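Participant: Below is a structure I'd like to ask you about.
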Amino acid sequence: MSSPEVENLIIIGGGPAGYTAALYAARAELNPLVFEGFQWGGQLQNTTDVENYPGFPEGIMGPEMMTKFRAQAERFGTRFVSDDVDRVELSDGGIHKVFLGDEQYQAKAVVLAMGAEPKRLGIPGEMELSGRGVSTCGVCDGAFFKDKTTMVIGGGDSAMEDAVFISKFATSLDLVHRRDEFRASKIMQERAESKPNIALKTPYSPEEFIAGEDGALAKVRLRRADNGEVEDVAVDGAFVAIGHIPRSEVVVGQVDTDDEGYVKTSEPSTKTSLAGVFAVGDLVDHTYRQAVTAAGSGCAGALDAEWYLRDRD
Ligand code: NAP
């Protein structure tokens, strides 16, 4: 159903940032409409125990946490469309349009909260063993590998940070990178190198994640970049830390984005290059990408939208 009404606020994205923006906007009586996506819940929908979100001392499963986020926004009157937005037509201070196929929705303000997704290697076993030894989030899953053998793949700051974090739990960690030089900052690299249980393994590219008889990850097949030699390394856990891709495809070319596709905001606000369009969460965040930082950013986006609508009207 298309809506002839002009909404106060449309929020695009159903992760911690989008739902927190909805909660604040609903309590401010803006009656927000959230396009939460077909697979609502964002990256936490693919996570098991969340142990680092404050307020849940026993931990909570990712999907359950997102159900609670959603319910809290709904309690104050948020409306949801559980579908993926196909297209938007954003204006500079005017009415913004959001399309689902031919259906059109309009709003005076928009909060963009589409998030990001971890980059994948695209090799056999990666998706099949995701959550069964293969992870894209060291901070989330590192503690599950206490006294286990592990591997981190990547050569940037994320890989170094994951390696240092996971090395607190794991007995050993191979830091695998496809080149001999690292992209990471010197200080982060030195921190990783100084850990006695971290070994640098370069120049190697992973070719396959291989399951054991129990169906969980058992080995990673690596190929040496310089001589093509293949080696199978036995590990309990492998972490892919090769960067993130912001999910900005529907707004690229309309709001300003950086070289990597992250939406640019005039920090510390959530304002984008278009008046009345705000961007929050992992869609703008190169660095932190945590549920709690995304939620905080969603709150800021709702407040910015509220103030914008107050002054506009
Ligand atoms: P990044 O800097 O883009 O590094 C990605 C790494 O993954 C690169 O070393 C790259 O190799 C490798 N890679 C990419 N695709 C690959 C593939 N298909 N196969 C094998 N390796 C692949 O990403 P990031 O580490 O996530 O960092 C992103 C930004 O966040 C950076 O600006 C970083 O400084 C920041 N950050 C900061 C902190 C901190 O300061 N605490 C922590 C995390 C992130 P090549 O080098 O060969 O291209």
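Participant: Looking at F165, F145, which is the one that is outside the structural domain of G18 (by TED's automatic domain parsing) and away from the ligand (no atom under 16 Å from the Cβ)? First the steps, then the outcome.
Facilitator: On the way: F165 fails: away from the ligand (no atom under 16 Å from the Cβ).
Within the list F165, F145, the selection yields F145.
Participant: If you check T48, T20, which single one turns out to be closer than 28 Å to I95 by Cβ and hydroxyl-bearing (S, T, Y)? Break it down into steps so the answer makes sense when it comes.
Facilitator: On the way: T48 fails: closer than 28 Å to I95 by Cβ.
Exactly one of T48, T20 is closer than 28 Å to I95 by Cβ and hydroxyl-bearing (S, T, Y), namely T20.
Participant: Filter the stretch 268-301 down to the residues that are within 15 Å of the ligand (Cβ to nearest atom) and either more than 18 Å from the chain's Cα centre (by Cα) or in a loop (DSSP other than H, G, I, E, B) (or both) and list them by number.
Facilitator: Passing the criteria: V284, D285, H286, T287, Y288, R289, Q290.
So that you can scan it fast, the table gives a plain yes or no per residue for (1) closer than 24 Å to S158 by Cβ; (2) of a type in the set (S, T, N, Q); (3) in the same structural domain as H96 (by TED's automatic domain parsing):
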position: G215; (1), (2), (3): no, no, no
position: R223; (1), (2), (3): yes, no, no
position: Y262; (1), (2), (3): yes, no, yes
position: A279; (1), (2), (3): yes, no, yes
position: D282; (1), (2), (3): yes, no, yes
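Participant: In the stretch 215-267, what residues are assigned to a strand (DSSP E or B), more than 12 Å from the ligand (Cβ to nearest atom) and over 30 Å from K148 (Cα atoms)?
Facilitator: Hits for the stretch 215-267 are V252, V255, T257, V263.
Participant: On the basis of being modelled with pLDDT of 95 or more, more than 30 Å from T265 (Cβ to Cβ) and part of a loop (DSSP other than H, G, I, E, B), does E126 make the cut? Quick ask: steps written out before the conclusion?
Facilitator: On the way: modelled with pLDDT of 95 or more: yes; more than 30 Å from T265 (Cβ to Cβ): yes; part of a loop (DSSP other than H, G, I, E, B): yes.
Here the answer is yes, as E126 does meet what is asked.
Participant: Are any of the residues in the stretch 104-117 within 16 Å of the ligand (Cβ to nearest atom) and surrounded by 17 or more Cβ atoms within 10 Å (Cβ to Cβ)?
Facilitator: If we filter the stretch 104-117 for residues that are within 16 Å of the ligand (Cβ to nearest atom), which is where we start, we get 115-117.
Now drop any that are not surrounded by 17 or more Cβ atoms within 10 Å (Cβ to Cβ), which leaves 115-116.
Checking the stretch 104-117: at least one residue is within 16 Å of the ligand (Cβ to nearest atom) and surrounded by 17 or more Cβ atoms within 10 Å (Cβ to Cβ).
Participant: Of the conditions (1) under 22 Å from G15 (Cα atoms); (2) more than 13 Å from the ligand (Cβ to nearest atom); (3) aromatic (F, W, Y), W307 satisfies every one except a single condition; which number is it?
Facilitator: The one condition W307 does not meet is (1).
Participant: Go through the stretch 1-33 and give me each residue that's part of a loop (DSSP other than H, G, I, E, B), among the small types (G, A, S) and surrounded by 23 or more Cβ atoms within 10 Å (Cβ to Cβ). Give the derivation first.
Facilitator: Taking the stretch 1-33 first, the residues part of a loop (DSSP other than H, G, I, E, B) are 1-5, 13-15, 28-32.
Next, from what is left, pick out any that are among the small types (G, A, S): 2-3, 13-15, 28.
Scanning the stretch 1-33 gives G13, G14, G15.
Participant: For T287, are the conditions met, namely being buried (at least 16 other Cβ atoms within 10 Å of the Cβ) and not assigned by TED's automatic domain parsing to the domain that holds D214?
Facilitator: Working: buried (at least 16 other Cβ atoms within 10 Å of the Cβ): no; not assigned by TED's automatic domain parsing to the domain that holds D214: yes.
So T287 fails the test.
Participant: Could you check the stretch 48-84 and list, in sequence order, the residues that are part of a loop (DSSP other than H, G, I, E, B), without any contact (Cβ under 8 Å) to a residue 60 or more places away in the chain and farther than 28 Å from G101 by Cα?
Facilitator: Once the filter is applied, which keeps residues that are part of a loop (DSSP other than H, G, I, E, B), without any contact (Cβ under 8 Å) to a residue 60 or more places away in the chain and farther than 28 Å from G101 by Cα, the stretch 48-84 yields G55, F56, P57, E58, G59, F76.
Participant: How many residues are more than 11 Å from the ligand (Cβ to nearest atom) and in a loop (DSSP other than H, G, I, E, B) if we restrict to the stretch 168-184?
Facilitator: Residues flagged as more than 11 Å from the ligand (Cβ to nearest atom) and in a loop (DSSP other than H, G, I, E, B) within the stretch 168-184 amount to 4.
Participant: Would you be able to tell me the number of residues in the stretch 185-214 that are within 13 Å of the ligand (Cβ to nearest atom), in contact with a helix residue (DSSP H, G or I) (Cβ under 8 Å, 6 or more places away or on another chain) and either at pLDDT 95 or above or in a strand (DSSP E or B) (or both)?
Facilitator: Number of matching residues: 4.
The values are calculated or read from the model by the stated rules, or taken from the named source; none is laboratory data. All values derive from a computational prediction rather than experimental measurement. Backbone-built Cβ (ideal geometry, glycine too); neighbour counts: all protein chains shown.
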